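So the structure is just underneath, and the comments pick up after that.
The values are calculated or read from the model by the stated rules, or taken from the named source; none is laboratory data. Because the structure is predicted, anything quoted here is derived from the model rather than measured. Heads up, the Cβs are rebuilt from the backbone with ideal geometry, glycines too, and the neighbour counts pull from every protein chain shown.
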Amino acid sequence: MQSLWGDNPIMVFFLLSFGALFGDMTASFYKRRQNLQRGDKFAILDMYDFIFMSLLLCFIFQRDWLLSWILDGWAPLFTILILTPFLHRGVNIIGYNIGVKNEPW
């Protein structure tokens, strides 16, 4: 029986977490090149940068796992493309309201 995380779950976990951090760093670098200051809003890039890089790294290094996960049904794609922006915005607003973040985006 194969695990939900494929033959090498530690590699998948690493690629997803490292990809999220690397995606955020890449987006920050791009925003600085566009003369945007720290905390400035860049709607689409701020919501999808970590997802895109995580999926790209998984596509390069764990393609079989990624394709089986994406093709498994509508739930993964729904979560990534539709639910993530709402969760991202909601968590940022909560962080702003409790004083952890300086901006609500």
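Would you confirm, using the coordinates I've provided, whether Asn8 is in contact (Cβ under 8 Å) with a residue 24 or more places away in the chain and over 17 Å from the mean Cα position of the chain (by Cα)? Don't jump to the end; show me each part of the working.
Numbers: in contact (Cβ under 8 Å) with a residue 24 or more places away in the chain: yes; over 17 Å from the mean Cα position of the chain (by Cα): yes.
Spelling it out, Asn8 is indeed in contact (Cβ under 8 Å) with a residue 24 or more places away in the chain and over 17 Å from the mean Cα position of the chain (by Cα).
Report, ordered by the first and then the second residue, all pairs with beta carbons closer than 6 Å, sequence separation of six or more or different chains, a first member in segment 59-78 that is of a type in the set (A, V, I, L, M), and a second member that is modelled with pLDDT of 80 or more and part of a helix (DSSP H, G or I).
What qualifies is Leu66/Cys58; Leu66/Phe59; Ile70/Pro76.
Give the residues of segment 53-81 that are of a type in the set (A, V, I, L, M) and surrounded by 11 or more Cβ atoms within 10 Å (Cβ to Cβ), sorted by residue number. Explain how you work it out, then say what you get.
Kept after step one, since they are of a type in the set (A, V, I, L, M), are these residues of segment 53-81: 53, 55-57, 60, 66-67, 70-71, 75, 77, 80-81.
Passing the criteria: Met53, Leu55, Leu56, Leu57, Ile60, Leu66, Leu67, Ile70, Leu77, Ile80, Leu81.
Right, Leu45: assigned to a helix (DSSP H, G or I) and either acidic (Asp, Glu) or closer than 26 Å to Asp7 by Cβ (or both) or not?
On the way: assigned to a helix (DSSP H, G or I): yes; either acidic (Asp, Glu) or closer than 26 Å to Asp7 by Cβ (or both): no.
No: the conditions fail for Leu45.
Of the conditions (1) closer than 18 Å to Trp65 by Cβ; (2) surrounded by 14 or more Cβ atoms within 10 Å (Cβ to Cβ); (3) within 12 Å of the chain's Cα centre (by Cα), Ala27 satisfies every one except a single condition; which number is it?
Looking at each condition in turn, Ala27 falls short on (1).
Of everything in segment 61-98, what is closer than 20 Å to Met11 by Cα, in a helix (DSSP H, G or I) and not aliphatic (A, V, I, L, M)? Give them in sequence order.
Once the filter is applied, which keeps residues that are closer than 20 Å to Met11 by Cα, in a helix (DSSP H, G or I) and not aliphatic (A, V, I, L, M), segment 61-98 yields Phe61, Arg63, Asp64, Trp65, Ser68, Trp69, Pro76.
Are any residues in segment 18-42 within 22 Å of Ile93 (Cβ to Cβ) and in contact (Cβ under 8 Å) with a residue 12 or more places away in the chain, and if so, which ones? Working first, answer last.
The first filter runs over segment 18-42 and keeps only residues within 22 Å of Ile93 (Cβ to Cβ), leaving 20, 23-24, 27-28, 31, 36-42.
Scanning segment 18-42 gives Ala20, Gly23, Asp24, Ala27, Lys31, Gly39, Lys41, Phe42.
Arg33: more than 21 Å from Pro104 (Cα to Cα), exposed (fewer than 13 other Cβ atoms within 10 Å of the Cβ) and either modelled with pLDDT of 85 or more or touching a helix residue (DSSP H, G or I) at 6+ places or on another chain (Cβ under 9 Å) (or both), yes or no? Walk me through how you get there before you give the answer.
Values: more than 21 Å from Pro104 (Cα to Cα): yes; exposed (fewer than 13 other Cβ atoms within 10 Å of the Cβ): yes; either modelled with pLDDT of 85 or more or touching a helix residue (DSSP H, G or I) at 6+ places or on another chain (Cβ under 9 Å) (or both): yes.
The answer is yes for Arg33.
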